[in-house]
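Chemist: Have a look at this one.
The values are calculated or read from the model by the stated rules, or taken from the named source; none is laboratory data. Remember, predicted model here, so these are calculated numbers, not experimental data. FYI the Cβ positions are ideal-geometry reconstructions off the backbone, even for glycines, and counts take in every protein chain you see. These accessible areas exclude ligands, DNA and RNA; they are computed on the full protein's heavy atoms, side chains included. Shrake-Rupley method; radii C 1.70, N 1.55, O 1.52, S 1.80 Å.
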Amino acid sequence: MRDRPLGSHGRQTAPKPAPALCSSWATGKRRGGRKLITLPLVAGGCLWPCVPCSLSTGKSKEAEIKRINKELANIRSKFKGDKALDGYSKKKYVCKLLFIFLLGHDIDFGHMEAVNLLSSNKYTEKQIGYLFISVLVNSNSELIRLINNAIKNDLASRNPTFMCLALHCIANVGSREMGEAFAADIPRILVAGDSMDSVKQSAALCLLRLYKASPDLVPMGEWTARVVHLLNDQHMGVVTAAVSLITCLCKKNPDDFKTCVSLAVSRLSRIVSSASTDLQDYTYYFVPAPWLSVKLLRLLQCYPPPEDAAVKGRLVECLETVLNKAQEPPKSKKVQHSNAKNAILFETISLIIHYDSEPNLLVRACNQLGQFLQHRETNLRYLALESMCTLASSEFSHEAVKTHIDTVINALKTERDVSVRQRAADLLYAMCDRSNAKQIVSEMLRYLETADYAIREEIVLKVAILAEKYAVDYSWYVDTILNLIRIAGDYVSEEVWYRVLQIVTNRDDVQGYAAKTVFEALQAPACHENMVKVGGYILGEFGNLIAGDPRSSPPVQFSLLHSKFHLCSVATRALLLSTYIKFINLFPETKATIQGVLRAGSQLRNADVELQQRAVEYLTLSSVASTDVLATVLEEMPPFPERESSILAKLKRKKGPGAASALDDSRRDTSSNDINGGVEPTPSNVSTPSPSADLLGLRAAPPPAAPPAPVGGNLLVDVFSDGPTAQPSLGPTPEEAFLRFVCKNSGVLFENQLLQIGVKSEFRQNLGRMYLFYGNKTSVQFQSFLIHVDHHSVELAVQTKRVAAQVDGGAQVQQVLNIECLRDFLTPPLLSVRFRYGGTAQSLTLKLPVTINKFFQPTEMAAQDFFQRWKQLSLPLQEAQKIFKANHPMDAEVTKAKLLGFGSALLDNVDPNPENFVGAGIIQTKALQVGCLLRLEPNAQAQMYRLTLRTSKEPVSRHLCELLAQQF
């Protein structure tokens, strides 16, 4: 949104209402599923001249359609009539077509007449032409070249009204072809000294639209230094548009625009220090230029604090002024006034947090946000909590944030909005340190009992991290984790209870307490399976420490654990069997009882191989091995190597990109002695082993963590090459990527910021196997990951294997497709990918790179045989020929490689012209074989090709010719 001139009282002056017929369309209402667009009014009247009222006011839908069809027939006859139409009539009929389209009816003519209107010298006619093109002309239309010529004429006319219309059209259509045609001209118009303010404003926004659509088309040059000086322009609209453009450009090329910092500070200072009457035309409810102020503050967040002392001092003065104005009584009770004022305030606080170098400003920002924590507006409370989460990570403002702990705890308990409660939990986590850890953990545990299911797992992870990091004694840590399992066992991941077992194993002073506590917890009638896992491991290792108490004697311990056995999953039963064999070593008196359990038919003949194998091996071990051997094999687990915790890594993956800074609290308690040996929890790429390996799969130290795959990197480099390759481009469209696979079998089929899909395939005769690799490029797990291959034909048989429903951040999953070609086909199968990322549904549909030439079998033949077969395939329908211009440099070796990749055999010494290429092959299908001969004649001088294919089936000839021609 940009600042617009306003009335003298701070309100925007409303235009006079349009006639009743057009009022709904002038405001952009949707009807018939059509494009929503805000339509301007022609000066002095309605946009729709001479549109009959009966078009949209029929008594029924049928009557309206009948009236519309009659009008369309009349317009078509006018366009095709012998009598030439004048400009007004042409404008009238084009306007009617546009109105009919917006009523929900298809329009398939009138496009050329709209293009002709662009050459008119009358504003209203040109405006209707541009409006029609912006709404109805497709970016791939054949008329784009004619439109581009008309736009060039208007841009060169130096008529500001016509130039603005042309720039608006470029921005609305935004096609790549338009970008290629005008990306170099628009910057010149933008920085030209004789350009009107309205033209500069339109040019800046048009260039911004093209840059967002195709960044590679906008060239950086000397104009970049000049566009920065637009921040000093007298026209506020030009400044606002320029700030939007520079903010976008500097994110990719910060060095080219670093001089904008001083100019932005200067402009911001003038706005902040001005009164509401100084910028009367750009004052919104007594707030001077709020949109421009916000944009300037966001621009400054793209750079570090200014190095120049004068500029930095002026900026600090601006920020203090904004904080001071926030304390002043409001000048209006209108919500628009408070919204504009708070927008500037929150953006100012974001800039203060970004710099993180001014302690006074940080504390003042924290105190200001504290006032919003109890505001009646839910949005303000949410934004205050979110901003304070970031402030809590600063050493300058952490203590100030802690003073609001009671207010935040109350918000966690009483807020109605779940998103606000989640931000309150985030803030409690961020402000936690050794002085308040017990209070915060207890409050979060209390809240966990009634927390929303959507955030329970996140709360569990945070409690586990805080309990481990700030534990004052080990018994409190054990109590906290067991309480966590009791309250929210379903949401306690393996990383959490694995971690508590590592710590208990490594600390002799807590092992007896942990055994006693978990034994008491297992006596509850309803006991979560995670509690059984923890109890099974701890009692199997340290149950002897509480065996002296008759209430927890060895038989009682075994009986308590075995009472849970039949209720548990296979993995937990496997762990309990390992606990039983440990009991035989710790408590010989239980040997007979445990051997009876292992000897039971339900164990020795268990349908699960893992349980059956453990029962057989443990029974044999306990029967054959001597006491010394048994004690050696089943001795107590040694201490685990001190290593980084994976709980924080899981929390960061769940929070998504950008959460690392909010979750990183390394700036506090650097001298504290953490439970885990002082190792700060950081992400670990080592996956935790399954419980079915020894007791918990933690006997050996983990292998070194592999370096994490960088976001945007090539997740498939190890699949497609023996060495490192360049990062794949995000540029090719799915159609371009599909065409690249016509002559190759491996590569990247699709890639965006979230997902990369790679392909590796092999084909032999009429059979093929394709490996699809789905790489998650983010640090957030993909949920509900669903793949569907739709071929809708009897020509292909495709068998697929299911993939996991979740794909972890930075991970890659593989899917195998078996393909059989039954008959010749023209349409490739479609691959549909659907998943949820960060709660948002994502979907895409791609063409699988399975084309008819993949089933080519190259055939060698002599020149005589080739020409004989060529003459046999001489029917007109058996030949397909295409003459086309080269789209790539004409290199003989590259051409040869593409033809071989296409699947045919290249025949030497067959064509009299040695520069021509001749090939032969047979397309193998289950039903029949299709012979194919091809001849490619390059003309380097004319940069043209002539391609001729002859096959025994007409559709195959045309399809192969089209596929192959697109490769050159």
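Chemist: Does residue 332 satisfy the condition of being more than 22 Å from residue 407 (Cβ to Cβ), among the hydroxyl-bearing types (Ser, Thr, Tyr) and open to solvent by less than 80 Å² (accessible area, probe 1.4 Å)?
Modeler: It is true that residue 332 is more than 22 Å from residue 407 (Cβ to Cβ), among the hydroxyl-bearing types (Ser, Thr, Tyr) and open to solvent by less than 80 Å² (accessible area, probe 1.4 Å).
Chemist: Given the conditions (1) in contact (Cβ under 8 Å) with a residue 24 or more places away in the chain; (2) open to solvent by 10 Å² or more (accessible area, probe 1.4 Å); (3) over 20 Å from residue 560 (Cα atoms), and given that residue 505 satisfies all but one, which numbered condition is not satisfied?
Modeler: (2)
Chemist: Which of the residues belonging to the range 395-419 are free of Cβ contacts under 8 Å to residues at least 40 places away in the same chain, under 13 Å from residue 431 (Cα atoms), out of contact with any helix residue (DSSP H, G or I) (no Cβ under 6 Å at 6 or more places or on another chain) and not in a helix (DSSP H, G or I)?
Modeler: Within the range 395-419, 403 is the sole residue that qualifies.
Chemist: Name the single residue that is surrounded by the fewest Cβ atoms within 10 Å (Cβ to Cβ) among those in the range 898-949 being of a type in the set (Ser, Thr, Tyr) and assigned to a strand (DSSP E or B). Walk me through how you get there before you give the answer.
Modeler: If we filter the range 898-949 for residues that are of a type in the set (Ser, Thr, Tyr), which is where we start, we get 904, 925, 945, 948.
This time we only want the ones that are assigned to a strand (DSSP E or B), so: 945, 948.
Working: 945: 21, 948: 17.
Looking at residues that are of a type in the set (Ser, Thr, Tyr) and assigned to a strand (DSSP E or B), I get 948.
Chemist: How many of the residues in the range 508-518 are open to solvent by 10 Å² or more (accessible area, probe 1.4 Å) and over 16 Å from residue 637 (Cα atoms)?
Modeler: 3
Chemist: Quick check on this structure: which one of 539, 560 is assigned to a helix (DSSP H, G or I), of a type in the set (A, V, I, L, M), open to solvent by 10 Å² or more (accessible area, probe 1.4 Å) and within 22 Å of residue 489 (Cα to Cα)? Reasoning before the result, please.
Modeler: Details: 539 fails: open to solvent by 10 Å² or more (accessible area, probe 1.4 Å).
Answer to the check: 560.
Chemist: While we're looking at this one, here's another question. Under 7 Å between Cβ atoms, which residue pairs at least 6 apart in sequence (or on different chains) link something in the range 167-183 that is open to solvent by less than 10 Å² (accessible area, probe 1.4 Å) with a partner that is hydroxyl-bearing (Ser, Thr, Tyr) and assigned to a helix (DSSP H, G or I)?
Modeler: Final answer for the pair search is 167/202; 169/130; 169/134.
Chemist: With the requirement that a residue be of a type in the set (S, T, N, Q), crowded, with 17+ Cβ neighbours inside 10 Å and closer than 22 Å to residue 86 by Cβ, what does the range 121-150 give you?
Modeler: Hits for the range 121-150 are 124, 127.
Chemist: Condition (residue is touching a residue at least 40 places away in the same chain (Cβ under 8 Å) and open to solvent by 30 Å² or more (accessible area, probe 1.4 Å)) applied to the range 454-466: is it met by at least one residue?
Modeler: Our first condition is that a residue be touching a residue at least 40 places away in the same chain (Cβ under 8 Å); within the range 454-466, this holds for 457-458, 461-462, 464-465.
Next, from what is left, pick out any that are open to solvent by 30 Å² or more (accessible area, probe 1.4 Å): 457.
Yes, the range 454-466 has at least one match.
Chemist: Which residues, taken from the range 953-968, are at pLDDT below 85 and within 12 Å of residue 931 (Cα to Cα)?
Modeler: Of everything in the range 953-968, those that are at pLDDT below 85 and within 12 Å of residue 931 (Cα to Cα) turn out to be 953, 954.
Chemist: Specify which of the listed residues (825, 741) is among the aromatic types (Phe, Trp, Tyr) and not in a loop (DSSP other than H, G, I, E, B).
Modeler: 741
Chemist: Might you check whether a residue that is at pLDDT 80 or above and either under 19 Å from residue 846 (Cβ atoms) or not in a strand (DSSP E or B) (or both) occurs anywhere in the range 721-732? Even if it seems obvious, please write down each step before you answer.
Modeler: Step one: of the range 721-732, the residues at pLDDT 80 or above are none.
So far as the range 721-732 goes, no, none of its residues is at pLDDT 80 or above and either under 19 Å from residue 846 (Cβ atoms) or not in a strand (DSSP E or B) (or both).
Chemist: Here is a follow-up. Out of curiosity, is residue 272 more than 24 Å from residue 210 (Cα to Cα), of a type in the set (Val, Ile, Thr) and open to solvent by 10 Å² or more (accessible area, probe 1.4 Å)?
Modeler: yes
Chemist: Pick out the one residue from 826, 830, 848 that is in contact (Cβ under 8 Å) with a residue 24 or more places away in the chain, closer than 25 Å to residue 925 by Cβ and surrounded by 17 or more Cβ atoms within 10 Å (Cβ to Cβ). Explain how you work it out, then say what you get.
Modeler: Working: 826 fails: surrounded by 17 or more Cβ atoms within 10 Å (Cβ to Cβ); 830 fails: surrounded by 17 or more Cβ atoms within 10 Å (Cβ to Cβ).
Being in contact (Cβ under 8 Å) with a residue 24 or more places away in the chain, closer than 25 Å to residue 925 by Cβ and surrounded by 17 or more Cβ atoms within 10 Å (Cβ to Cβ) holds for just one of 826, 830, 848, which is 848.
Chemist: Collect the residues in the range 332-365 that are of a type in the set (D, E, K, R) and in a helix (DSSP H, G or I), keeping them in residue-number order. Walk me through how you get there before you give the answer.
Modeler: The first filter runs over the range 332-365 and keeps only residues of a type in the set (D, E, K, R), leaving 333-334, 341, 347, 356, 358, 364.
Selection gives 341, 347, 364.
Chemist: What number of residues within the range 97-110 satisfy the criterion of being out of contact with any Gly (no Cβ under 9 Å at 6 or more places or on another chain) and open to solvent by less than 20 Å² (accessible area, probe 1.4 Å)?
Modeler: Adding up the residues that qualify gives 3.
Chemist: Between 368, 301, 336, which is touching a residue at least 40 places away in the same chain (Cβ under 8 Å) and in contact with a strand residue (DSSP E or B) (Cβ under 8 Å, 6 or more places away or on another chain)?
Modeler: 336
Chemist: Then there is this: Given (1) at pLDDT below 90; (2) among the charged types (D, E, K, R); (3) within 25 Å of residue 288 (Cβ to Cβ), where does residue 347 come up short, assuming only one miss?
Modeler: Every condition holds for residue 347 apart from (1).
Chemist: Name the residue, out of 768, 810, that is buried (at least 20 other Cβ atoms within 10 Å of the Cβ), more than 25 Å from the chain's Cα centre (by Cα) and farther than 20 Å from residue 735 by Cβ.
Modeler: It is 768.
Chemist: With (1) within 23 Å of residue 107 (Cβ to Cβ); (2) buried (at least 22 other Cβ atoms within 10 Å of the Cβ) as the list, and residue 163 as the residue in question, which single condition is left unmet?
Modeler: Unmet for residue 163, out of (1) within 23 Å of residue 107 (Cβ to Cβ); (2) buried (at least 22 other Cβ atoms within 10 Å of the Cβ): (1).
Chemist: For the structure I just gave you, tell me whether residue 886 is small (Gly, Ala, Ser) and over 19 Å from residue 921 (Cβ atoms).
Modeler: yes
Chemist: Let me ask something else. Consider the range 521-536. How many of its residues are hydrophobic (A, V, I, L, M, F, W, C) and part of a helix (DSSP H, G or I)?
Modeler: Residues of the range 521-536 that are hydrophobic (A, V, I, L, M, F, W, C), as a first pass: 521-522, 524, 526-527, 531-532, 534.
Now restrict to residues that are part of a helix (DSSP H, G or I): 521-522, 531-532, 534.
The total comes to 5.
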